[in-house]
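The structure appears right after this line, and notes come after that.
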Amino acid sequence: MSKTRTHLTCAALLWPWLALAAAAAPGQPAAAAARPLDCMIQPHLVVQIGSGVPGLIESIAVDRGDRVVRGQPIVQLAAQVERAALAVARERASQQGEVAVASSSRELAERELERARELRAQNFVSQTYLDKARAEAKVAG
């Protein structure tokens, strides 16, 4: 009995809508206005998308039919190789910086050794100062 009540209640709720549909289309029967419409929704705009670099898709950030805006990420490419290359490049850059510092330190130590030799030849500095300059040049080289 509860099914019948539910059925009657649903029909009672639908009846005003069917009456409105029939009133909207006076020349057509109410049954024609109440039947579902078969249709296909077409997109407003279709665009081709692409990537500047080839790769495999790691994840898709949108679903079919989603609205997208300019600049919104649509897909994420797998980037393990690029991340590894970036890490290598950063390491090389830091090592090149260290090499440049070491090279500058070596050049400075060699100049100081040369000055110490000249000053020792004129007896302006002690032999200990010259020995210290030689040791620093050897460590820096």
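The values are calculated or read from the model by the stated rules, or taken from the named source; none is laboratory data. The model shown is predicted, which means the values in this text are computed figures rather than measured ones. Neighbour counts are summed over all protein chains in view; Cβ atoms, including those assigned to glycine, are modelled from backbone coordinates with ideal geometry.
Table for the structure above
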{"read-out": "Residue count for region 59-90, restricted to those that are outside any helix (DSSP H, G or I) and small (Gly, Ala, Ser)", "value": "6"}
{"read-out": "Among the residues listed as ALA78, ALA84, ALA34, ALA93, the single one being hydrophobic (A, V, I, L, M, F, W, C) and either closer than 26 Å to GLY141 by Cα or modelled with pLDDT of 90 or more (or both)", "value": "ALA93"}
{"read-out": "Enumeration of residues in region 97-141 that are acidic (Asp, Glu) and touching a residue at least 24 places away in the same chain (Cβ under 8 Å)", "value": "GLU110, GLU112, GLU136"}
